[in-house]
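Asks: Starting off with a structure, shown below.
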Amino acid sequence: MIRLENIEKEFDLGQIKIKALDNINLTINRGDYLAVMGPSGSGKSTFLNILGILDFSTSGQYFLEDYEISSLPDKEQARIRNKHFGFVFQSFNLFSELSAIENVMLPMSYAGVKYNARKKRAGELLDWLGLNDRLYHLPSMLSGGEQQRVAIARALSNDPDLILADEPTGNLPSDKGEEILETLEKLNSNGVTIVMVTHNDAQGDRAHKRIHIKDGKIEWRKVCA
Amino acid sequence: MRIKEDQLLMIRSIKGRPVESILLILGIALGIGATVSGFALVNQSLSEADKLLSSTYYHEIVVGTRQNSDGMDIAASLVSDDNNLILTVNDLAARKEVPDVKYAYVMNRTHLRFGNMRLPGSDNNGTNTSTQGSVNNQNNRTIVTGNFQPRDATGNTNTEAMPGPPSDDGFDPFHTNIDADELTSLEEPQVEEADAYRVTPEFFSAYGLNAVSGSVFSEQDIKSDTPSLILGSKLAKKIFEDAIAYGRKIQVMRDLYTITGVLAETGTAFDNEAFIPAVVPDLSGNDFRRFEAWGTTLRFIVQDLSRLTSVKAQIATYFDKEYGEGNVDISIPKVEAEAVSDRNLRLITVILILSISGLLIAIVNVTNILVSRMERRRKSLGILKALGASTNKILISLEYEALFIGVCGALTGTVIAVVLSEIIKNSLGTSGYNALILVLGVFISWIFTMVVTGIPAFQISKIAPSEAIRYE
Ligand SMILES: Nc1ncnc2c1ncn2[C@@H]1O[C@H](COP(=O)(O)OP(=O)(O)OP(=O)(O)O)[C@@H](O)[C@H]1O
Ligand SMILES: [Mg+2]
């Protein structure tokens, strides 16, 4: 599904340049469950951003189903993020002005889903995640675990092919983190591709594939049984 | 169609900060209001100045006696007996020696009281014999109008009617030309009094005043001594119930006047005024009309404004010869008015600078608030992009927001501008705001808001979502 060739990312800070990613080569197949690991500042988030077309590499090529991503117009990139990718962030990143259900409905409005249809689907997703009594609550009224579940529902709203999760359990107590992880694994077993950044070795071990990044390079990779 | 969640987000973020939003709207509104009304003020003053500069008044050279040179009626008691210089209609002859004078006329302010004033010695019906006798005396007719009151020998003003029969010198303040029968047939006028001018014929030519019925005064009217009256169009309509004035007779103080003309409407103050002839008093005798002649000012119209000063000098030569050097005061209203208008122009410039500074301050503040508002929303915008918003979509939604604030500000600003212009109009008596200027103001402010918000919106919409999301 995704092929990365010689991806490099450099941040230009004026006097110094930081090479956040260096010579990344990687293939991600449909249905993969990939854990991205590595020390702080190694470039994991940078990698995930480039993968999610939230940022661009300074050199190298990124093929999505044989399309070179950077050659696509902005509008098309936005459409890919909207319809094919789902994002889960460490700090949830819900809109504090919108209720849980409105947060989940928002990406569907970009996809052109009618109001009633998107409301129904958002309700179903939140119900599936055990939030059926929290539909009209603002994020500030929800616990961290609940917020992250709303964020997952939002990521799932347009039935994505790939979920990109940057330390999704990082801000949660371990039992709530476990719930989130189980949810992602359930999705993966339904055929959704998952790429997850994590610091937690135990979590990483549960993924089917692991890559370990250090100083912007893939130090080692491993395919689990 | 239901409102979309991203629009909901925008609306709630505006509503969530009511003070900031109101400040933004007020900032724009005050900026627009100040500038538009500032420009409206300038526009008005300029057009007023144009109007004044082209008016007849600006072509005048005014000649008066020392005492009345300021154009005000002064108390008769202040006129010393040895300074009994009185200018009369005859002095208009000065023009003969000055070819540049186009018109020469007398234009004296006075005030007329209309109506069935009780005649002395008569009852309300006016059927007393003493009025009968005065009819024979038509030629020695007395007109009592205006502020002039009979004086006694010591120069004191008589405020009470003088009792008794006419004195030997023929001075008779109760003189009337009204016949008792005529009096009963007179209609009661609807208007009790009116401002008036005592004028000579060329006054009408100078101001371009024409009669719609009857005619304006001729040289004959000045000499013939018939009590005739010309009315401004509005006054004519007001005086009689049926609004027909021409040819009618009306009592003015103790005399009966015939309305010999009604002027065409001019849209000026003349519409509400009356005109009576400035006749030549017999200064040698005891003609009571010598009182009327006090305060007479002679006006000479010079078409070519650049000739005003030299014409003034020529006219001065005539009067110096006639009355002795320096006894007559000659002034050019234009020069005096220009000084006033110069001062106004400086004031207006200051006001304009203030209102433009108001706009600038508004621009700076609005830009600041908008930029900081957008900065705060960077993260939200980054998330929106991650969720599938294109750069264009973000830009459009930011512009919608700006448009909303801009429109609210422009509307409020227009209201402020209209109110300020009304105040300007009422206090300066000018023609009020100009709709075109308002439209222009709203248009300019719309452009201004678009530019002011557009530049930061454009920059922020281009940001990579990863960058935006990093903001915590
Ligand atoms: N926008 C940016 N501008 C400049 N430098 C950046 C930017 N984003 C990341 N970096 C730098 O690139 C390097 C990699 O950062 P990145 O966020 O990818 O690390 P990470 O592996 O996600 O770390 P952590 O585990 O702490 O989240 C760091 O040195 C970071 O300072
Ligand atoms: Mg990171």
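Values in this text are rule-based calculations from the coordinates and carry no lab data. Source: prediction; values computed, not measured. Glycine also receives a Cβ, built like all others from the backbone with ideal geometry; neighbour counts cover every protein chain displayed.
Asks: Grab the beta carbon distance between A:N132 and A:D12, set R0 = 56 Å, and tell me the FRET efficiency rounded to 0.05.
Replies: Plugging the Cβ-Cβ distance into 1/(1 + (r/R0)^6) gives 0.70.
Asks: Starting from 0.36 nm per residue, how many nanometres of slack lie between B:S205 and B:E97 once their C-alpha separation is accounted for?
Replies: On the way: separation 108, 0.36 × 108 = 38.88 nm, distance 2.03 nm.
Length difference between fully extended and current span is 36.9 nm.
Asks: I'd like the mean, over residues of A:95-102, of how many other protein chain beta carbons sit within 10 Å of each residue's own Cβ.
Replies: Taking the mean over all residues of the peptide, I get 5.
Asks: Next question, about the same structure. I'd like the mean, over residues of B:388-401, of how many other protein chain beta carbons sit within 10 Å of each residue's own Cβ.
Replies: Working: counts 17, 6, 10, 5, 3, 4, 1, 0, 0, 0, 0, 0, 0, 0.
Whole-number average of other-chain Cβ neighbours for B:388-401 is 3.
Asks: ³J(HN,Hα) across the range A:22-33 via Karplus (A = 6.51, B = -1.76, C = 1.60, θ = phi - 60°), whole Hz, x for Gly/Pro?
Replies: 9, 6, 8, 10, 7, 10, 10, 9, 4, x, 5, 10
Asks: Something else: Give me the dipole magnitude in Debye, nearest 20, for the range A:58-141 about the Cα centre, with unit charges on the beta carbon: positive for Lys and Arg, negative for Asp and Glu.
Replies: Numbers: 10 positive and 10 negative charges, 68 e Å.
Here the size comes out at about 320 debye.
Asks: Relative to the Cα centre, what is the charge dipole magnitude of the range A:134-225, using +1 at the beta carbon of each Lys and Arg, -1 at the beta carbon of each Asp and Glu, and rounding to the nearest 20 debye?
Replies: 200 debye
Asks: For the range A:2-223, what proportion of DSSP beta bridges, expressed in % and rounded to the nearest 5, is antiparallel? Provide the component values of the computation, followed by the final result.
Replies: Working: 22 of 39 bridges.
Taking every DSSP beta bridge within the range A:2-223, about 55 percent pair in antiparallel fashion.
Asks: Would any residue of the range A:1-30 have its amide N under 12 Å from a label point 7 Å out along Cα→Cβ of A:K214? List them or say none.
Replies: none
Asks: Using a simple spin-label model with points 7 Å from Cα along the Cα→Cβ vector, what separation in nm is obtained for A:C224 and B:T309?
Replies: Calculated label separation equals 10.4 nm.
Asks: Let me ask you something else. Once you average over the residues of B:4-12, how many Cβ atoms of partner chains fall within 10 Å of each Cβ?
Replies: Numbers: counts 8, 17, 7, 1, 8, 7, 1, 1, 5.
Mean number of neighbouring Cβ atoms from other chains: 6.
Asks: If you put +1 on each Lys and Arg Cβ and -1 on each Asp and Glu Cβ, how big is the dipole of the range A:2-223 around its Cα centre, in Debye rounded to 20? Can you show the working numbers first?
Replies: Working: 27 positive and 31 negative charges, 67 e Å.
Dipole magnitude for the range A:2-223 comes out near 320 debye.
Asks: Also: Lys and Arg at +1, Asp and Glu at -1: add these up for the other residues within a Cβ distance under 9 Å of A:N103 and post the number.
Replies: Working: positive: A:R154; negative: A:E102, B:E5.
With Lys, Arg at +1 and Asp, Glu at -1, the neighbours total -1.
Asks: Provide the net charge surrounding A:Q203, with neighbours chosen by a C-beta distance below 12 Å and charges set as Lys +1, Arg +1, Asp -1, Glu -1.
Replies: Taking every other residue near A:Q203 into account, the sum is -4.
Asks: Send over the Kirkwood Rh of the range A:81-186, from the inverse of the averaged 1/r over different Cα pairs, rounded to one decimal Å.
Replies: Averaging 1/r across every pair of different Cα atoms and inverting gives 13.4 Å.
Asks: Right, here's the next one. Return the Rg/Rh value of the range A:2-223, two decimal places, where both radii are evaluated on C-alpha atoms and Rh is the Kirkwood radius.
Replies: My calculation of the ratio gives 0.97.
Asks: What residue among A:Y115, A:A100, A:L142 has its Cα farthest toward the positive end of the dipole of the range A:92-142, where the charges are +1 on Lys, Arg and -1 on Asp, Glu, each on the Cβ?
Replies: Farthest along the dipole direction, towards plus: A:Y115.
Asks: Between B:L345 and B:I22, what FRET efficiency comes out of the Förster formula 1/(1 + (r/R0)^6) with R0 = 45 Å and r the beta carbon distance, rounded to 0.05?
Replies: Working from the Cβ atoms, E equals 0.75.
Asks: Can you give the FRET efficiency to the nearest 0.05 for A:N200 and B:I444, using r as the Cβ-Cβ distance and R₀ = 45 Å?
Replies: After rounding, the FRET efficiency stands at 0.15.
Asks: Got a sec to turn the phi values of the range A:50-64 into Karplus ³J(HN,Hα) couplings, 6.51 cos²θ - 1.76 cosθ + 1.60 with θ = phi - 60°, whole Hz, x for Gly and Pro?
Replies: In residue order, the calculated couplings are 5, 4, x, 6, 8, 7, 10, 6, 7, 8, x, 10, 10, 9, 10 Hz.
Asks: Can you tell me the 0 to 90 degree angle between the C-alpha axis of helix A:115-128 and the longest principal axis of chain A, rounded to 10?
Replies: Taking the Cα atoms of chain A, the angle to A:115-128 is about 80 degrees.
Asks: Just to be sure I understand the model, the point goes 7 Å from the Cα along the line to the Cβ. What's the resulting B:V451 to B:A337 distance in nm?
Replies: The modelled label-to-label distance comes out at 3.9 nm.
Asks: Compute the acute angle (0 to 90°) between the alpha-carbon long axis of helix A:74-83 and the principal axis of greatest extent of the alpha-carbon atoms of chain A; round to the nearest 10°.
Replies: 60 degrees
Asks: So, one more: List every residue whose amide H lies under 5 Å from the amide H of B:A278, counting only residues 5 or more places away in sequence or on a different chain, with H placed 1.01 Å from N in the peptide plane.
Replies: HN-HN under 5 Å from B:A278: B:V199, B:T200.
Asks: On a 0 to 90° scale, report how tilted helix A:100-110 is relative to the longest principal axis of chain A, with both axes built from alpha carbons and the result rounded to the nearest 10.
Replies: With rounding to tens, the tilt is 60 degrees.
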